[in-house]
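Asks: The structure follows.
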Amino acid sequence: MRPTNLLALLLLGALLCTCGPASSVKESESQTDGGAAPPNVLFIAVDDLRPELASFGKGMIHSPNIDRLAAMGTAFTNAYCNVPVCGASRASIMTGMRPTRNRFWDFKTKISEDAPDAVTLHGHFKAAGYYTAAIGKVLHHPTDRAGDYSQPNWKPGVGGGAGRDYQMPENIINANNKDFDGRGPAFERGEVADTAYWDGKIADYAAAKIGELAPGDQPFFLAVGFMKPHLPFNAPAKYWDLYDPANISLPATYYRAEGTPDAIHHNSGELRNYSGVPKDEILPEDYARQLIHGYYASVSFMDAQLGRVLDALEASGEADNTIIVFWGDHGWNLGDHAMWCKHTPFNTSLRVPLIFSAPGHEPGRSPAMVEYVDVFPTLCDLAGLEKPAQLQGKSLSPLLDDPQTAWGDAVFTRWKEADNITTTRYSYTEWYDDEGDRYARTLFDHATDSLEVNNLAEKKEYLPVVEELAARLPIGE
Ligand SMILES: [Ca+2]
């Protein structure tokens, strides 16, 4: 973008802050340099979505709109989060900075506290003249770096439901019990319309916003954060009915493998906060199948709302000039290793779905090892923006040109005291306490053990592999 045009957009941005609705400002704006219009960005976050999806090579989940998006763009089949928990992962993506022992630690993370001087992704686009907005759950705290948005982060209200978006009367009563902190059961088969739930409302608002922004000349960066399939698995009945319970099976690793250290396991505490969850260390199989059914239904429900947003973009006439990024904030254990939720360096918790669709790039699938700190620099390249000095990942744009481009062999994830390196073959994790003493380590060979049940870290014959991988850790201090 030419400096004169950038200045014009910045002035318009200032007008926007003082003069009200974007549309009145945008109508007066015109493209003066005769060049191509800057691309819009539709930045779609999904909460707790693991890549058990047809477009990522696995799964029975009905997700036609994720598949549609994957067919439009480049699906990254070996993409990894940098920290497996909502708030910290989102802060890392939105700054392009890795988590450390002092930064991006847990779900409560705020960029404004952990990295106050960082340029945020949305702030970077706003400074370049974009209209930036967040709808639904993007950063964990809607007010975190809110000045980097052109409007407040819009989130749906509780409406007629209760704390965590229950719609069925018996669950609302349960969730309103103060003993449960807004939590009713872990799932709900809702006899309600899609728009009764948060994600339906988020799709409504996002579609309307696209319709509002598309006719203007100001490019937009629109972040849309869907809230399912995060617990509780509340979804309209028709999405539950897509699956026959008889066909839902438990993971092959519905057990805790011998030789794996305590450090890599947890008791699924996030799930156990919900009412009615059995106390058994390993959940009874019939209840586990209900949970899996609910997760599948929640993904299909979210997928349908994604479809409505994609439809709105196509109807707006801006689809050919819009970069779409689709990502889930981390993986999820769906009973794998007899665990539920995230918060562990098992591959099931680290691997994520990532799709980039960008104008001028052919569809493809890339097996390259990529990580979420790569998202920010990629968007800079695709939109023609400079890269802030803080960025620690590398642009994936060569992989959008050729998905088979030779690439790095490893990605790096941190989970509290655990540092993980995942290579094209191995996953190695080591845990260190505050005194610098290592107290656990795991090595899994994905060439022979993709399910990660055979910990090789203490086997003498693997010492050279362990030493080689350990020498590459930690990263991001
Ligand atoms: Ca999450």
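Asks: If residue 256 satisfies every condition in (1) out of contact with any helix residue (DSSP H, G or I) (no Cβ under 6 Å at 6 or more places or on another chain); (2) of a type in the set (Lys, Arg); (3) assigned to a loop (DSSP other than H, G, I, E, B) but one, which is the exception?
Replies: Unmet for residue 256, out of (1) out of contact with any helix residue (DSSP H, G or I) (no Cβ under 6 Å at 6 or more places or on another chain); (2) of a type in the set (Lys, Arg); (3) assigned to a loop (DSSP other than H, G, I, E, B): (1).
Asks: Here's something else I'd like to know. Tally time: how many residues in the stretch 423-477 are in contact with a strand residue (DSSP E or B) (Cβ under 6 Å, 6 or more places away or on another chain) and free of Cβ contacts under 8 Å to residues at least 12 places away in the same chain?
Replies: Summing the residues that are in contact with a strand residue (DSSP E or B) (Cβ under 6 Å, 6 or more places away or on another chain) and free of Cβ contacts under 8 Å to residues at least 12 places away in the same chain in the stretch 423-477 gives 1.
Asks: For residue 394, are the conditions met, namely being part of a loop (DSSP other than H, G, I, E, B) and under 19 Å from the mean Cα position of the chain (by Cα)?
Replies: On the way: part of a loop (DSSP other than H, G, I, E, B): yes; under 19 Å from the mean Cα position of the chain (by Cα): yes.
In short, yes.
Asks: Here are 44, 61: which of them is touching a helix residue (DSSP H, G or I) at 6+ places or on another chain (Cβ under 8 Å) and away from the ligand (no atom under 16 Å from the Cβ)?
Replies: On the way: 44 fails: away from the ligand (no atom under 16 Å from the Cβ).
Of 44, 61, the one residue that is touching a helix residue (DSSP H, G or I) at 6+ places or on another chain (Cβ under 8 Å) and away from the ligand (no atom under 16 Å from the Cβ) is 61.
Asks: When the residues of the stretch 435-477 are filtered to those that are among the aliphatic types (A, V, I, L, M) and in a strand (DSSP E or B), which remaining residue is nearest to residue 263 (Cα to Cα)? Explain how you work it out, then say what you get.
Replies: Keep residues of the stretch 435-477 that are among the aliphatic types (A, V, I, L, M), which gives 440, 443, 447, 451, 453, 456-457, 463, 465-466, 469-471, 473, 475.
Remaining after also requiring in a strand (DSSP E or B): 440, 443.
On the way: 440: 7, 443: 13 Å.
For the stretch 435-477, the residue satisfying everything is 440.
Asks: Do you know which residues across the stretch 78-126 are within 16 Å of the ligand (Cβ to nearest atom), charged (D, E, K, R) and either under 19 Å from residue 420 (Cβ atoms) or touching a residue at least 60 places away in the same chain (Cβ under 8 Å) (or both)?
Replies: Passing the criteria: 90, 106.
Asks: Conditions first: (1) surrounded by 17 or more Cβ atoms within 10 Å (Cβ to Cβ); (2) in contact with a Leu (Cβ under 8 Å, 6 or more places away or on another chain); (3) closer than 23 Å to residue 296 by Cβ. Residue 96 passes all but one, so which condition is the exception?
Replies: So the condition that residue 96 fails would be (3).
Asks: Something else about it: Being modelled with pLDDT under 95 and either closer than 23 Å to residue 200 by Cα or aromatic (Phe, Trp, Tyr) (or both) is the requirement here; does residue 43 meet it? Talk me through it step by step, then tell me what you get.
Replies: Working: modelled with pLDDT under 95: no; either closer than 23 Å to residue 200 by Cα or aromatic (Phe, Trp, Tyr) (or both): yes.
When the stated conditions are applied, residue 43 does not pass them.
Asks: Oh, and also: Give the number of residues within the stretch 307-342 that are within 16 Å of the ligand (Cβ to nearest atom) and either crowded, with 23+ Cβ neighbours inside 10 Å or within 21 Å of residue 138 (Cβ to Cβ) (or both). Step through it out loud before you land on a result.
Replies: So in the stretch 307-342, the residues within 16 Å of the ligand (Cβ to nearest atom) come out as 326-334, 339-342.
Remaining after also requiring either crowded, with 23+ Cβ neighbours inside 10 Å or within 21 Å of residue 138 (Cβ to Cβ) (or both): 326-333, 339-342.
Total satisfying the criteria: 12.
Asks: Give me the strands (runs of 3 or more DSSP E) completely within the stretch 187-251, filtered to those with at least 2 residues that are open to solvent by 10 Å² or more (accessible area, probe 1.4 Å), ordered by residue number.
Replies: Values: elements: 187-190, 220-226, 233-236.
In the stretch 187-251, the matching strands (runs of 3 or more DSSP E) lie at 187-190.
Asks: Give 51, 84, 116 a once-over and let me know the one that is over 14 Å from the mean Cα position of the chain (by Cα) and either modelled with pLDDT of 95 or more or small (Gly, Ala, Ser) (or both).
Replies: Result: 116 is the single residue among 51, 84, 116 that is over 14 Å from the mean Cα position of the chain (by Cα) and either modelled with pLDDT of 95 or more or small (Gly, Ala, Ser) (or both).
The values are calculated or read from the model by the stated rules, or taken from the named source; none is laboratory data. This one's a predicted model, so the numbers in the text were calculated from it and none came from an experiment. For neighbour counting, all protein chains shown are included, and Cβ atoms are generated from backbone atoms with ideal geometry for every residue, glycine included. Accessible surface areas use protein heavy atoms only, side chains included; no ligands, DNA or RNA. Shrake-Rupley method; radii C 1.70, N 1.55, O 1.52, S 1.80 Å.
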